[in-house]
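Report on one structure; see the data block that follows.
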Amino acid sequence: MKRIVIIGGGFAGLSTAFHLCRQQGHCFRVSVVDKKEYFNFLPALPDIIGRDIAPEALEYPLAAAAERGGFDFTRAEVDSVDLKGKKIICREKDMAYDYLVIGSGSETNFYGNKQIETDAFRLDNTQDSRAITAALEQDKYESFVICGGGYTGVEIATQVRMFFARRRRKKRIVIVERSPFLLGAVPERLRGYVLDNLKRLNIDIFSGNSVAAALDGAITLEDGTVFKKAMLIWCAGVKTASFIERVDAEKDRQGRIKVDAFLRFSENCFAVGDAAAFSYKQGALRMAVQFALAQGKAAAINIRRLHDKKALQRYVPYDRGYIIPMANNRSCGVALGLEISGRIPTLLHYAMCVYLMFGWEQQRAMLGSLLFHRRRRDA
Ligand SMILES: Cc1cc2nc3c(=O)[nH]c(=O)nc-3n(C[C@H](O)[C@H](O)[C@H](O)COP(=O)(O)OP(=O)(O)OC[C@H]3O[C@@H](n4cnc5c(N)ncnc54)[C@H](O)[C@@H]3O)c2cc1C
């Protein structure tokens, strides 16, 4: 029986594993390897801050997913991949494969700045969200500096504002963005909507600026502005997992592995989700759940076709759009080509979160938090 090793039990990796095991006449041994014990539902991480969603509602045990899907799960951190020897090398052990799928996602990029990395908070998983809420609960900061004015930075800034608004505490919240505008790739009307909403929420913007230093609660910007008693949340970019640097394949600026039209980067190796740079409209396809899930399925189909010596199928992305969720329910985005703003995109975002969440218990917990959080806090 041929062995398929999938690195990463996230959206893309699990999608590959489930689709492989669901195929008719399924003839592989499928193993998912992840450094974490739990799948983390990343799109709702910021909601842990402002909406009181319990972090556990966003965690699903990978062992349970494996049992449900009929594949193996190994908890191990991948250190490198030996493409010639067809094995992955983990801190804990090595594993041989016939087909490999890399779906190890992405993580915060500090661009080598160790000092900022030590002092700043990040939001890559549920552990990080617990660390952020614990720091907010301690109430030792007066200012909150969110570095990075992309979707995640904007969303986090609004969630931090909601956290303090519910506790009736006044705090300064700022977004620092290196380029002249926030959300550079977003249509102008939507960008205007976001800026207007940030103004309503009293969130200041420092564009054309960046964080120069962060030390012991003092944050200094490149233009010399200093925030004292300040907490830094860093969302100024992402990169792929560090073991990918050592994979013998072509990569883009973010370290994503360049894949062909069939999601392959070598004869029997595939990359999917955030770890893959799939060429689309003169760039790499953006990082999003919808593409991670679809690529996982496409890789599963192509592994089977490769094994059956059939022609591979091209992966053709279908972009349903995106939403920039903001915690006061004034969200915006593009759905099926239409620009939308207000409560509808907020509802769509949470409908997506509940629908895609693994596990009935987690879905119920998420729904309960969304419907009842305000009542609970007011009680
Ligand atoms: C805060 C936040 C908000 C987001 N909001 C949205 C949103 O609203 N809508 C949207 O579409 N997308 C959103 N995204 C992006 C989306 O979550 C990603 O595009 C998606 O998770 C990619 O799926 P993936 O399977 O490639 O990676 P992931 O889901 O990140 O899974 C990667 C897995 O690989 C594992 N791994 C990493 N390195 C190793 C290693 N060395 N060894 C073993 N295992 C390893 C990790 O533990 C993880 O489980 C958001 C992301 C974040 C961080």
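Structure notes:
- Set 93/297; 93/310; 258/309; 86/309; 93/251; 2/114 screened for pairs whose C-alpha atoms are more than 31 Å apart: 93/310; 2/114
- The simple spin-label model puts a point 7 Å past each Cα toward its Cβ; for residue 185 and residue 253 those points are separated by 1.1 nm.
- Degrees between helix 343-356 axis and first principal axis of the chain (Cα, 0 to 90, nearest 10): 40 degrees
- With Cα atoms, 0 to 90° folded angle of helix 11-22 axis to the chain main axis: 30 degrees
- Ordering 323, 306, 368 by the projection of their Cα atoms onto the charge dipole of the range 239-373, which places +1 on the Cβ of Lys and Arg and -1 on the Cβ of Asp and Glu, puts 306 at the extreme positive end.
- Basic side chains Lys and Arg get +1 at the Cβ, acidic Asp and Glu get -1 at the Cβ, and with that the dipole of the chain about its Cα centre reaches some 840 debye.
- Estimated [θ] at 222 nm from DSSP helical runs (n ≥ 4, -39500 (n - 2.57)) normalised by residues in the chain, nearest 500: -10500 deg cm²/dmol
- Backbone amide hydrogens, once placed in the peptide plane, bring residue 73 within less than 5 Å of 32, excluding anything fewer than 5 places away on its chain.
- Dipole size of the range 1-107 about its Cα centre, with +1 on Lys/Arg Cβ and -1 on Asp/Glu Cβ: approximately 560 debye, rounded to the nearest 20.
- Other residues with beta-carbon under 15 Å from the beta-carbon of residue 254 carry, at +1 per Lys or Arg and -1 per Asp or Glu, a net charge of 0.
- Crossing angle, helix 289-307 versus the chain [Cα axis fit, 0-90 degrees, rounded to tens]: 10 degrees
- Put in line by how crowded their Cβ is, counting other Cβ atoms within 10 Å and starting with the fewest, 104, 266, 143, 341 read 266, 143, 341, 104.
- Seen from residue 189, the other residues with C-beta closer than 11 Å to its C-beta sum to a net charge of -2, counting Lys and Arg as +1 and Asp and Glu as -1.
- Environment charge at residue 55 (Cβ cut-off 11 Å; Lys +1, Arg +1, Asp -1, Glu -1): -4
- Pairwise inverse Cα distances across the range 1-103, averaged and inverted, put the Kirkwood hydrodynamic radius at 14.4 Å.
- For a label point 7 Å along the Cα-to-beta-carbon line of residue 56, residues of the range 346-368 with backbone N under 18 Å: 358-368
- Burial ordering of 102, 53, fewest other beta-carbon atoms within 10 Å first: 53, 102
- Relative to its Kirkwood radius, the Cα radius of gyration of the chain gives an Rg/Rh of 0.97.
- For the range 118-125, Karplus couplings with θ = phi - 60° (6.51, -1.76, 1.60), whole Hz, Gly/Pro x: 6, 8, 8, 8, 9, 9, 9, 7
- Enclosing the Cα atoms of the range 88-127 in their convex hull gives a volume equal to 130 cubic angstrom per residue.
- By the rule of a C-alpha distance below 17 Å, with chain neighbours fewer than 8 residues away ignored, the lysines paired with residue 199 are 170, 171.
- Approximating the spin labels as points 7 Å out from Cα along Cα→Cβ, the residue 344-to-residue 84 distance works out to 5.8 nm.
- The modelled label-to-label distance between residue 107 and residue 226, using points 7 Å beyond Cα along the C-beta direction, is 3.3 nm.
- Relative packing of peptides 290-300, 157-167 - highest average C-beta neighbours within 10 Å first: 290-300, 157-167
- Cut-off under 5 Å, modelled amide H: who pairs with residue 280 long-range: 285
- Among beta bridges that DSSP assigns inside the chain, antiparallel share in %, nearest 5: 50 percent
- Value of Rg to Rh for the range 51-150, rounded to two decimals, is 1.06; Kirkwood radius and Rg both from alpha-carbon coordinates.
- Which of 346, 12, 259, positive extreme of dipole for the chain (C-beta unit charges): 346
- Taking amide H as placed 1.01 Å from N in the peptide plane, residue 210 has its amide H under 5 Å from the amide H of 222, 223, each at least 5 places away in sequence or on another chain.
- The smallest convex shape that holds all Cα atoms of the range 110-193, its convex hull, gives 125 Å³ per residue.
- Each principal axis of the Cα cloud of the range 87-226 was taken in turn, and the coordinate range along them, longest first, works out to 55, 38, 32 Å.
Read-outs: derived from the displayed coordinates by stated rules, not from any lab. Model, not experiment: these values are computed from the prediction. We place every Cβ from the backbone using ideal geometry, glycine too, and count neighbours over all the protein chains shown.
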